[in-house]
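Below: the structure, in structure tokens.
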Amino acid sequence: MSNVVLKTEGISKSFGGVKAVQQFSMELHEHEIKGIIGPNGAGKTTIFNLLSHIILPDEGKIFLLGEDIENKSQEEVAQMGLSRTFQSIRLFAGLNVLDNVKVGLDNEGKYNLFDAMFLTPRRWKEEKRIHNAAMECLTMLNLEKYKDYRSNNLPYGIQRRVEIARAIVSRPKILLLDEPAAGLLPEEVFELIDFIRLIKEKFELSIIVIEHRMDLIMNLCSEILVQDFGKTIACGTPKELQCDPRVLAAYLGEEE
Amino acid sequence: MNNYQIGLTILSCVSVITVTGVYALTGLCGMFSLGQAAFMCIGAYGTFMLTRYAGIPLIPAALLGVLAGVIVAWVVGRLTLKLRRDYFALMTVALGQAIPSLVVVFSEYTNGALGFTKIPKVNGLIWITLGITVLVVFCIRNLKYSRYGRMCLALKTDELAAKSFGINVYKLKVKIYILASAIACIAGILFALRNRYIDNTQFNWALSAEMQIFLFFGGSNSLTGAVVSAFVLKMLPNILRNVQLFGVSMQEYRIILYCILVLIILNFRPAGIMGEHELNFRWVSRLTAKIKNASGRNGGKA
């Protein structure tokens, strides 16, 4: 079995009386795509927020690349190689597509404020490197023709792809996709499936994806976790889960 | 140019310098500061108290004056920049009031409300001011088109998303706040050298508000817009000083004039005169090409 890149041990989070996530444990292996499904309010996005340390768990441990991230800030977790997208698109509206992707690299840019203001050779060299890396990423994902567009003027499907491009340009190890197919047309969903496969191969990613669209989940994931009211109610391959009565009950309601 | 015009140009340049700093803070980072005049005050008083009481020559004293501003900005920034933006804005109002009041508290040294006058005379101040203005605008322009500019614009739109790319939002904000404050200090020193007189009322809340007005008039997303509006709007009331309205010079209506301009801008062009456009050579060449085209067409018709 390949290496475990992300592991959680019984993480829980409550908001007041609402137990959003209870005793959530999982292991994500290298080059694996794992799916998380569940009805609205099942705590799926909370799991992502816990993993990316936007909120901190009440109990339990998270290991990223073998390291406990308990004392790390959100920024540090991101720097360690965990990247994510958001349920609602959060592109930077003031920047064009190319600059949006560059932001994914900027924090690691190796020149300081002085270099930036006085245009030192180091600034030119680094800017060139960042530019080339961002362009390479956009070209690889067939997005280069949109590079000068303002992100909010683009069709929804393209915005989704730009957001993913921005998340992976810094070559993270793990990518968390939060409902990447939300708001997409059926044909766009199939394009997205191919797109996610493509980036997984080219960027050697391990991916966790939250989604409601069964076609996407069933096509992509090697293993699926089913969440309901904060608890993991089932776990298995797409085939196993398709007929699982517990899953059907959670999604469609109990049979009379 | 006569003395009056030189003085006016220097004053406008000082306004351009401060607004450029405010642009980095508000335009790039989205942090609304209503206390930048306090840093002008620190720069001016810091420098000229040193030249007077410690006998330090002007240039090292000016550097120390800027350093004092940097230290204050660093302390204040570290304490307050974790707050939400609106609370930060409130805090800057308080700072903008507190620093000039300190001048009165230490009247023994600063001469309080009577004003501080022992300011050395500098020859060719206009050239120094113009040089510094160009340098500051050049630096901030480069900042905008660097990784810092992009990160600032990113955190302005969405702090949470910016953090998820590993950007340390807090540290970046502190850096930009210090930078903007250092620029304000420089402007304060030039302002004092021009007037050769400073008192606490010159650095009050109205001056800080004026900077924000200039910025939003020109377009808070456009550096060139901010620079041009800072220069022109500072000059305008002085040019109109001979125009009388109800027996009072237009200069007295300065604040009213600015308010009217702000209301017009907010209603009809909320993004400012320039919006997000920058004046650059490409733009100028496109404009001249357009004019050429138009004249060519007219020539054809004739």
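The values are calculated or read from the model by the stated rules, or taken from the named source; none is laboratory data. Please read these numbers as outputs of a predicted model, since none were measured by experiment. So basically every Cβ, Gly included, is an ideal-geometry build from the backbone, and we count neighbours across all protein chains shown. Heads up: the accessible areas ignore ligands, DNA and RNA and are worked out on the full protein's heavy atoms, side chains in. Shrake-Rupley method; radii C 1.70, N 1.55, O 1.52, S 1.80 Å.
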ask   = In Å², nearest 100, what accessible area do chains A and B bury in total when the solvent probe is 1.4 Å?
value = 2800 Å²
inquiry  = Based on alpha-carbon atoms only, what is the radius of gyration of the protein assembly as shown relative to the globular estimate 2.2 N^0.38 Å?
reply    = 1.17
task = Please identify the longest segment of chain B free of exposed trypsin sites (Lys or Arg not before Pro), where exposed means a DSSP state other than H, G, I, E or B and no more than 16 other Cβ atoms within 10 Å.
result = B:197-302
message = Going by Cα centres, the range B:229-276 and the range A:8-69 are how many Å apart?
response = 56 Å
task = Would you mind telling me which residue in A:Ser12, A:Ser83, A:Ser73 has the biggest mean-square fluctuation in a Gaussian network model of chain A, where springs connect alpha carbons within a distance under 10 angstrom?
result = A:Ser73
note = Expressed in angstrom and rounded, the centroid-to-centroid distance over alpha carbons for the range A:78-129 and the range B:1-76 is 30 Å
query = What Rg and what Dmax come out for chain B when only alpha-carbon atoms are used, in angstroms?
reply = 20.5, 76
request  = State in Å² the accessible area per residue of the range B:3-204; use a 1.4 Å probe, count heavy atoms of protein chains only, and round to the nearest integer.
outcome  = 39 Å²
task = Let me have the relative contact order for chain A, percent, based on Cα pairs under 8 Å that are six or more residues apart.
result = 28 percent
query = Semi-axes, largest first, in whole Å: what does sqrt of 5 times each Cα gyration tensor eigenvalue give for chain A?
reply = 34, 22, 16
request  = Let me have the 222 nm mean residue ellipticity of the protein assembly as shown computed from DSSP H runs of 4+ only, each contributing -39500 (n - 2.57), with the sum over all residues rounded to the nearest 500.
outcome  = -18000 deg cm²/dmol
ask   = Among B:Ser220, B:Ser285, B:Ser181, which one shows the biggest mean-square fluctuation in a GNM of chain B, springs joining Cα atoms closer than 10 Å?
value = B:Ser285
task = Enter the Cα centre distance for the pair the range A:190-256 and the range B:92-118, rounded to the nearest angstrom.
result = 66 Å
query = Of A:Asn112, A:Asn100, A:Asn40, which is the most mobile in a GNM of chain A whose springs link Cα atoms less than 10 angstrom apart?
reply = A:Asn112
Overall form of the range A:21-95 per C-alpha gyration tensor (a/c, 1.5; a/b vs b/c) = rounded
inquiry  = If you count only protein heavy atoms and use a 1.4 Å probe, how large is the accessible surface of B:Trp74, to the nearest 10 Å²?
reply    = 130 Å²
request  = Would you work out what percent of the accessible area of the range B:1-91, with all protein chains in place, is carbon or sulfur (probe 1.4 Å)?
outcome  = 71 percent
